[in-house]
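Before any comments, here is the structure.
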Amino acid sequence: MKTVQKPGPDFRMTPQRAELLRLLDGNRCHPSAEDLYRRLRRKFPGVSFATVYNNLQSLLSVGELAEVRIDSRRSRFDPCTDGHAHLMCVKCGAIADLKAPRRRPEPAGAPRGFKVLR
């Protein structure tokens with residue numbers, strides 16, 4: 001993950017934001033806001049879901065995160081913003097990166113056992 005540079009006067013590096021960045025750094029499981037909230041509460045028991053959500057929105061707005069909308073139940077977040085595609089297992093819900101342009105209808109190099117549904 002890129003190191004966040006202060007993009008403006010409204011961007012403060014709080015302990016909660018720093019821990020959120022640590023949780024996301026190198027994270028390849030594409031966690032949801034709820035997943036990150038549960039993990040952040042271990043270190044900051046008083047943190048609210050709104051704090052986590054607002055920090056994720058701030059990180060999205062400065063380009064530090066990508067929002068992955070492949071899961072119909074909730075948004076997931078990806079610290080890798082290089083413009084790759086994603087695969088989601090319809091049985092377990094796991095999301096994997098696919099090094100292919102997002103706009104291709106049939107990504108080349110899909111792992112065995114995956115079928116492109118959309």
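The values are calculated or read from the model by the stated rules, or taken from the named source; none is laboratory data. As the structure is a prediction and not an experimental result, all values here were calculated from the model. A quick note on method: Cβ atoms are made from the backbone with ideal geometry, for glycine too, and the neighbour counts reach across all protein chains shown. All accessible areas refer to the heavy atoms of the entire protein, side chains included, with ligands and DNA or RNA removed. Shrake-Rupley method; radii C 1.70, N 1.55, O 1.52, S 1.80 Å.
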*Of residues in the stretch 97-118 being within 29 Å of Asn55 (Cβ to Cβ) and open to solvent by 40 Å² or more (accessible area, probe 1.4 Å), the one modelled with the lowest pLDDT*: Arg102
*Considering only the stretch 35-55, state which residues are within 17 Å of Arg76 (Cβ to Cβ) and of a type in the set (A, V, I, L, M, F, W, C).*
Leu36, Leu40, Phe49, Val52
*asked:* Could you check the stretch 49-69 and list, in sequence order, the residues that are open to solvent by 20 Å² or more (accessible area, probe 1.4 Å) and touching a residue at least 40 places away in the same chain (Cβ under 8 Å)?
replied: Ser58, Val62
*Looking at the stretch 69-96, which of the residues that are modelled with pLDDT of 90 or more and not in a loop (DSSP other than H, G, I, E, B) is farthest from Arg17 (Cα to Cα)?*
Arg76
